[in-house]
Structures are given as structure tokens and as C-alpha cells.
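The structure under discussion appears below in the form of C-alpha cells.
The values are calculated or read from the model by the stated rules, or taken from the named source; none is laboratory data. Just so it is clear, the structure is predicted and the values come from calculations on it, not from any experiment. Reconstructed Cβ throughout: ideal geometry from the backbone, glycine too, with neighbour counts over all protein chains shown.
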Amino acid sequence: MPLPARLTLLEYAALAFIVVVWGVNNAAAKIATEVLPPMLMGALRFGIAAVVLVPFVRPPFPNWKSLLALALVGGPIHFGLIYWGFSRAEDLTPLAVSLQLWIPFTAVFAWLVLGETLTVPIMAGLAVAFAGVVFMTADPRAFRDWDAILICAVASAAWALATVIARRTQAVAPIKMQGLIALVAFPILALGSALFEHDPIGAMERATPFIWGCVVFAALVSTVVATGLLFWLVQRREAGRVTAYLLVTPVVSGAIGVAFMGDVLDAQIVVGAIGVIGGVGLVALAERWPRKTVAIESLGES
């Protein structure tokens, strides 16, 4: 049965849930990586998630090369970079904004991998979004975290590629994808932590119940539920139909950062963030214009 042109109430509810969970999870990750080394944080997150998801990882594995690429890029690479960036930063808000670059990166990778159209409005949105990141980072306060912002931008590119790969594997259930990511990410990040990070065992012993709560929230609510819902959405709809609504995520993270974590939003950071979100929004909306044109032409023919 064909999907309705408009998003359903269930799809809107899924988007709202993802926005809130990811906004809160950014803050939780920032707090947790102040105690837990980044690769250890990722390993714990995916170790817990794997326990829940392993029953769903059963044959067959169609297009296994794409699935393996998805698991590697969307697991240890993406989350290893994110937690590394969070562990190096002082403020949360600029990082949350830079993570939204995955939306324009998705348009680029969809053009490169899937052959989708990269229109002039999309390219303009890309330029505005990246200019916003540069302007925001040039603020003296945000510039302290320039390396963390750059790391999170690269993490965004990795997540965009994983999202595009997920669109190529529609025969695989989202929860199965999540299980594969967890099973690949856990041993890689655990080994990396054991080899390269200082005293991971001691870090776990020093972690408070609140820190462990952040880890469990990331593992179960963000990884299992919210990201699974995202894969479900992008398998049903074009990326531009859903990603525009996710622009609210850094607003949730920024509000938490300012209210509870000591973030200070200077004018330049705010203007740069608006530029990023505006550029990202232009990319997301531009991907919808061809659909609208087709719909208008169809009405004309009837």
C-alpha cells in the first residue's frame, strides 16, 4: 500500500521522540565523557545495547557488504569520534549544532552513492551551513573547542554515510541494523579503550550512578529506540522528508547546556548557530521541492 503524501501521526510522534532523546543524550554524553574515556563510553553503550539486540541479529544477511559498512561507519567510527569530541570540549551547544551537519552531508552522500540530485538550493544550503560553523567557531569562547567541533563535524559525515547506506538496505529491519552496529562497535571500541586509554577499569569504578544512568540511557533509549526509529523513517521516506524536523535537536541540547551545564551563548555563537540550522533547513526542504512539483503536475493532468 502506498504511503500518504503527508507524514502520518505515528511518523510525527517518532520524530518528536527522536528530537527529545537525542537532545538529552547529547548532554548525557558530554557529562559521561568527563568521567569515562571516549572509547570506553562507546564500548559500554554498545555492550549494553548488544545484550538487548542480539536476539534480532539472525540470518539472512542480504547485501552483507553494505551491512558491514553500515556497522563500521555508523558504529565505532561515528560514535568513537563523537565521544572523542565531547571529551575534549568545554561547552555542549556548539557541538550539538555542528552535529547537525549530518543532514547536508546526507544530501552529498545521497548524490555520490545513490545518484540523487544535488540541486542549486541544496548546494546553497551546504554553503550557508558550513559558513555558519566557521563563523560560530571563530567566536573566542567557541574557538577553545575548535578541535572538538571539527571532530564532531567529521562524525556527522560518518553518520550521514551510514544513513545513506541504511537507505540501500531496506530489506533489513531497523532493529536488526542496530543489533549489527552494536555487535561490531562493542569489541572494536572495547579493544581500543584497553589499548589506548588510561585506566578504563578505574574510570568505571569512579563512575557514579548518575554517570551509569547516562550510559544506560544512551544504550537503550537512544541506540535501541531512537536510532532504530530513524532507520525506520528513512526507509519509508526520502531523507529530506524527515531530517528537517530534527533541526530542533540542538535547541534541546542548548537549553540543557545553558540551564544546567554552564554554557554561555555569545552573540556570535548564536548567529553562527542560526546560520548552520538555516543552511541545514534549506538542504532538507530543498529535497522536498521536486516531490511537490510532481504532485502539482499530477493534479494538473487530472
- Message: Residues that are within 30 Å of Ala142 (Cβ to Cβ) and touching a Gly at 6+ places or on another chain (Cβ under 9 Å), at least 2 per element: which helices (runs of 4 or more DSSP H) completely within segment 1-88 meet that?
- Response: 9-32, 38-53, 78-88
- Query: What number of residues within segment 206-220 are crowded, with 18+ Cβ neighbours inside 10 Å and part of a helix (DSSP H, G or I)?
  - Reply: 6
- Message: For the condition at pLDDT 95 or above and of a type in the set (Gly, Ala, Ser), what is the one hit in Ala173, Ala226, Ala182, Ala203?
- Response: Ala203
- Item | Enumeration of residues in segment 11-54 that are free of Cβ contacts under 8 Å to residues at least 40 places away in the same chain and more than 21 Å from the chain's Cα centre (by Cα) | Val51
- Task: Answer with yes or no whether Ala218 is out of contact with any Pro (no Cβ under 8 Å at 6 or more places or on another chain), aliphatic (A, V, I, L, M), closer than 23 Å to Val283 by Cα and in contact (Cβ under 8 Å) with a residue 12 or more places away in the chain.
- Result: no
- Tally time: how many residues in segment 236-273 are more than 22 Å from Val108 (Cβ to Cβ), among the hydrophobic types (A, V, I, L, M, F, W, C) and in a helix (DSSP H, G or I)? 12
- Kindly list, by first and then second residue, each pair from a residue in segment 82-94 that is under 20 Å from Val248 (Cα atoms) to a residue that is among the acidic types (Asp, Glu), limited to pairs with Cβ atoms under 9 Å and residues at least 6 apart or on different chains. Phe86/Glu34; Asp91/Asp145; Asp91/Asp263; Leu92/Asp263; Thr93/Asp263; Pro94/Asp139; Pro94/Asp145; Pro94/Asp263
